[in-house]
Structures are given as structure tokens and as C-alpha cells.
Amino acid sequence: MTTTNTSLSSVLSAYGSYGGAFSGTGTTVASTSQNQASKASSSSASNSTPLSYQSPAKAAVARQQLNTLQSALGKDIRAALTKAGQHLSGTVDVSLGSDGKLVFSGSDEDKAKLKAALSADKSTPSLTARLVSLAKQAESFDRQSVQSAALTTAARMAGKTSQNLVELYRSLMTTQSSSTAVFSLSDKSSQVAFKGAVSASA
């Protein structure tokens, strides 16, 4: 039995979707892997397996849309902080907790400043609502990217083991490490990053 560990960032780079910040240029996966992945996804109904494949083009568009949203939100939050006479000394990470509420990570001082600015915000939709929406969209994008990455990795591995593509895909998804979408905000910039990895035994 051979154990293969593939980092999420390296696999997603083939789709122009990175495990880190939205920057850089991805490489194109082999056409054979794409074709195998697409065929497997199309036949998912007959196999009763939830295969999901997102093309590199669609992934790139979704990535750009997320980047546009987070960039605009970051600017608006910094403007709210400036209006309150505050600025962040470091970076505050914002993610969505299991209860659907925002989770803040950073220095106590910076977290207090950000929370105060969000509480004082009177815009519609509110900055808080936009943060929640961004987090949900980022998690959805990440989930789709992980599924596509797992399917493409399975397509690459098919034929090299006794398992077929569907079995490999199931193995990848079953042993997938948890991934969290994080919105990072500083006094100068913002970004959305994904923390996680895809691993499988085949």
C-alpha cells in the first residue's frame, strides 16, 4: 500500500486556486486527468457517488469574485476604523465558527478596535453581515475546490493502484483534513486564505 499526501495549495494551483492568498499564476493540469475527472463527475449519478468537478476557468472566475469582495470589504472596514480614529497595529484573522458566528484572532487590542468599529457601523448591509457572507462564500468556494482537487488527484492515481477512480476519490474525501477560510485584515491590506490539506491512502 502506498500513502500519498498532496498539499492543498499544490493541487489547487492547477486550477488557479491557491491554498494561500489569492495571488500568482496556476499551472494547467494534464488534459487526460481533466478528461477523466469530467467523465467521472458526469457519471456520478450512476455510481451513486457525490463527485464534483469545477473547471479551471470557473475556479479562476470564482476566485476573482472572492478577491474583489474581500478587497472592497477590507477597504470599507479600514475606513470605519479611520473614522473612529483607530488603526490596527497587527493582523486580525476572521473566520466562521461552527455555530455560524464570526471568530476573531489577533491581539486583544486589535480585536477590540475591530469589534468596536463593526458595532458602530450603520451601513446597509452592515460590515458584519458582509463579513459573514464573505466567509460563507469563501467556504463554499473552498469546498468545491477541494472536491475538484480530490477528483483530479484520483484521476492521476487511477491505473497505478488496484482502486478505481471512484474508490480513490472516496478515499481522498474521507481522509481530507479540515480546511478553514480566513479573512485576514491589517492596516494596509486584506486577503482571503485557506488553511488545510488533502491526504489519501491508496
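No value in this document is a laboratory result; all are computed from the given coordinates. No experiment lies behind these values; they were computed from the predicted model shown. Neighbour counts run over all protein chains shown; Cβ positions are idealised from the backbone, glycine included.
Once the Kirkwood radius over Cα pairs is known for the range 96-152, the Stokes-Einstein relation at 10 °C and 1.306 mPa s delivers a diffusion coefficient of 120 µm²/s.
Take the Cα of ASP108, step 7 Å toward its Cβ, do the same at THR68, and the gap between the two points is 4.2 nm.
3J(HN,Hα) along the range 56-65: x, 5, 5, 5, 5, 5, 4, 4, 5, 5 Hz, from the Karplus curve 6.51 cos²θ - 1.76 cosθ + 1.60 with θ = phi - 60°, whole Hz, x for Gly and Pro.
Here SER140 and SER162 are evaluated by their C-beta separation; at R0 = 30 Å the FRET efficiency comes out at 0.30.
Only Cα pairs under 8 Å and 6+ residues apart enter the sum, and on that basis the relative contact order of the range 128-194 stands at 29 percent. Between ASP187 and ALA60, the C-beta separation translates, for a Förster distance of 45 Å, into a calculated FRET efficiency of about 0.95. Here, the range 53-202 has an Rg and a Dmax of 18.6, 63 Å when only alpha carbons are counted.
Here is the link list: LYS113/LYS188; LYS75/LYS188; LYS83/LYS136; LYS83/LYS122. Which ones come out longer than 18 Å on Cα distance? Flagged as over cut-off: LYS83/LYS136.
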